Structure formats: C-alpha cells, structure tokens
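Here the structure comes first, spelled out in structure tokens, and everything after it is commentary.
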Ligand code: AQP
C-alpha cells in the first residue's frame, strides 16, 4: 500500500532594513537553503515590517532588491521555493488587520523586541512597531506554514502566532495550521562585535558592531581585529565570556569545525592570531555569496521578473486561507 507523506510547509522572511549581517546569513538564509529539497518553502523579503523604523525610500527600494538578490545568492532557487516580496502580496496586510482583532494588548506589551526597539527609537514608538508580531503572524498563518525557521530572537513572535492561531481556531474551527519555530543548533544568535552581550543587528548605528555581507575583506579584517573580547586572552569558551564565545562560534561555522576543535587548534595562541583567522574564514565563506549578489544586482529586469512570478504564486496560496478567514468572520470581500 502506498502511503503519501505530506511535505512540511516552511515559511520565513527577512527585513530589508539594511544590508544583511553575518548574523542574518549564519542564523537564517544559510539554513533555508538546506530545507528546499525536503519541504515546500516560501521565503519573503519582509519590506512591510521594515517601515516600523524610519527608512529613506530610495534606500529601502535598493535594499529590497539587494535582499532578494541575497536570497538567490545564498542558493534559494525560485524553481524549488516561492521567493517573493511581502508588499506585492496584499493579503498579508488584510489578514493582519483581522488578526489584530484577535490579539491582546497585554500579549503585545510582553514582546521583548518591542521593548528593545522602542528603547532604541524613543522618538518614534509607532503603532506598527507594537503590532509588528501580528503582521508576522499573518505572514505565517496565511500560508499554513508548519515550521518557521528563525533565530532565537524571533522565537517569541512565532509563539505568539501559535497563540493567535489557537485562539482563532477555538472560535471558528481548524482554520489555521499551528506553526512551530525551527531554531538551528548553531548560529541561532550571533552577537555584536562591539557589545557582545547584544545580538548582531543590521540596523545597529555602529557599523563596527556587525559584519555586513557586502563588507570588503579589508573591512572584515579590521572589524574582527577591533572585536571586543576580555582580558583572559585564551581561546576557550566560558560563562559570561560573551566576546570570545561569539568569535569561537563564528569561526567554527565559517571554518567547518566544532567549537572543541577550534579551542584545540588555538590552544596557547593569542587573541590577535585568532581574530585574523576568524576574519579569513569569514571572508572565504562570504566571497562567493558577495560576488553572486553583485552580479544579480546588475540585472534588475531579471529580478523584477522573479518578483512577479513569486508574487503570483504566493497570492494564489494565500487566497485560500484569507477567503476562509473572511467567510468565517463574516467579512464580505
Ligand atoms: N544576530 C543574529 N544571529 C542569528 N540570527 C539572526 N537573525 C537576525 N539577527 C540574527 C535572524 O535573521 C532572520 C531575519 O531577521 P529580520 O531581518 O526579520 O529581523 P531581525 O531579527 O530584527 O534582524 P536584525 O538584523 O536585527 O534586523 P534589525 O536590525 O532591522 O532589527 C530572522 O530569522 C532572525 O532571527
């Protein structure tokens, strides 16, 4: 007897809020590539999320193209996965409004990213920053995603999407698939190079805090040399040793070793030598990715064609869930 095994549906996204960092590459897009053959994948450039923080329009447009090119350069294949730009599928914002009405103020107030981002943007604590996780829930639930690959920082948002889905299903029956976060075993939280107790972020105003995937080899070397460590001067992981723990993790991923092998390889060696080795490993890991992105950015027509193709397929899939939700809630379309 033939048994049909349903492939898992996976959705994830990334904001074009700047040039991707090493954290975004290691913690997100690199892992997405591996999922393409075993799952039905959708990956989007989440540009609607990005305007929760003020953007320069021309820069946002450019970063949206660049983010899409980055996804392709990381190996995501439009023949295998649906790749699209969030703003080109209006169903996301339509569902978001409906889900806003099924999300509690108290739940959103507990989101740590809201607290962090509102502290960083004290002059612009807008409603979008507050309801960001509801748009993220809409992104996920619209496609019936079973799994959402994210870094540790986004786990709380996926949990909220689960709560919203369960609440809605409790009232209307099984409309939404309840998603699971999928957290990678390594690299799920790459830390800032200048303040290693905080995560590396592409919108950090200090460019020395992150490696951008577009950085030149010289920039990468300089930033690693300046990376904050501690006064112990041993390449060994330890409680509270945020800086060196982070560098060991980055080196191990870039050089393809385990953290133990990294510690053994640099036993008795100083930070100076280790930092140069980190830079060299990262330069080599990012080189093909950077070159491919640069090539793709020269071909906007090609990218525009893929934008259209992705938006059409994503809209078709999204329509099924959105029409069901509208029917259940009595919204005439
Ligand atoms: N430092 C990180 N380490 C591991 N994974 C990370 N991610 C982000 N930073 C790290 C993962 O990258 C994916 C896309 O993230 P995002 O663009 O949606 O937003 P974010 O998490 O807010 O990323 P940034 O770089 O910190 O952006 P800004 O500065 O705009 O806030 C997610 O899967 C995320 O977990």
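The values are calculated or read from the model by the stated rules, or taken from the named source; none is laboratory data. Keep in mind the model is a prediction, meaning the values are calculated, not measured. Note: ideal-geometry Cβ built from the backbone for every residue, glycine included; neighbour counts use all protein chains shown.
Run residue 242 past the list (1) touching a helix residue (DSSP H, G or I) at 6+ places or on another chain (Cβ under 9 Å); (2) not assigned by TED's automatic domain parsing to the domain that holds residue 25 and report the number of the one that doesn't hold.
(1)
Please tell me if residue 91 is more than 16 Å from the ligand (Cβ to nearest atom) and under 26 Å from residue 32 (Cα atoms). So that I can check it myself, show each step before the final result.
Details: more than 16 Å from the ligand (Cβ to nearest atom): yes; under 26 Å from residue 32 (Cα atoms): yes.
So residue 91 passes the test.
What tally of residues in the range 158-195 results from selecting those that are over 20 Å from the mean Cα position of the chain (by Cα), within 13 Å of the ligand (Cβ to nearest atom) and within 15 Å of residue 133 (Cβ to Cβ)?
0
Hey, can you tell me all the residues within the range 196-208 that are buried (at least 21 other Cβ atoms within 10 Å of the Cβ) and more than 10 Å from the ligand (Cβ to nearest atom)?
196
Do we have residue 86 as in contact with a helix residue (DSSP H, G or I) (Cβ under 6 Å, 6 or more places away or on another chain), under 27 Å from residue 203 (Cα atoms) and in the same structural domain as residue 143 (by TED's automatic domain parsing) here?
Values: in contact with a helix residue (DSSP H, G or I) (Cβ under 6 Å, 6 or more places away or on another chain): yes; under 27 Å from residue 203 (Cα atoms): yes; in the same structural domain as residue 143 (by TED's automatic domain parsing): yes.
The answer is yes for residue 86.
On the given criteria, is residue 155 closer than 23 Å to residue 22 by Cβ, out of contact with any helix residue (DSSP H, G or I) (no Cβ under 8 Å at 6 or more places or on another chain) and either near the ligand (Cβ under 10 Å from one of its atoms) or in a loop (DSSP other than H, G, I, E, B) (or both)?
Numbers: closer than 23 Å to residue 22 by Cβ: yes; out of contact with any helix residue (DSSP H, G or I) (no Cβ under 8 Å at 6 or more places or on another chain): yes; either near the ligand (Cβ under 10 Å from one of its atoms) or in a loop (DSSP other than H, G, I, E, B) (or both): yes.
So residue 155 passes the test.
Residues that are touching a residue at least 40 places away in the same chain (Cβ under 8 Å) and assigned to a helix (DSSP H, G or I): does the range 225-240 have at least one? Before the answer, list the steps.
The first filter runs over the range 225-240 and keeps only residues touching a residue at least 40 places away in the same chain (Cβ under 8 Å), leaving 225, 227, 229.
The next check asks that each one be assigned to a helix (DSSP H, G or I); those that pass are 225.
Checking the range 225-240: at least one residue is touching a residue at least 40 places away in the same chain (Cβ under 8 Å) and assigned to a helix (DSSP H, G or I).
Which residue, of 97, 32, is surrounded by fewer than 16 Cβ atoms within 10 Å (Cβ to Cβ) and part of a helix (DSSP H, G or I)?
Answer to the check: 97.
So that you can scan it fast, the table gives a plain yes or no per residue for (1) surrounded by fewer than 24 Cβ atoms within 10 Å (Cβ to Cβ); (2) within 14 Å of the ligand (Cβ to nearest atom):
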site: 6; (1), (2): yes, no
site: 9; (1), (2): yes, no
site: 17; (1), (2): yes, yes
site: 26; (1), (2): no, yes
site: 36; (1), (2): yes, no
site: 39; (1), (2): yes, no
site: 54; (1), (2): yes, yes
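For the range 122-149, which residues satisfy the criterion of being away from the ligand (no atom under 14 Å from the Cβ), outside any helix (DSSP H, G or I) and buried (at least 17 other Cβ atoms within 10 Å of the Cβ)?
Within the range 122-149, 142, 143, 144, 146 meet the criteria.
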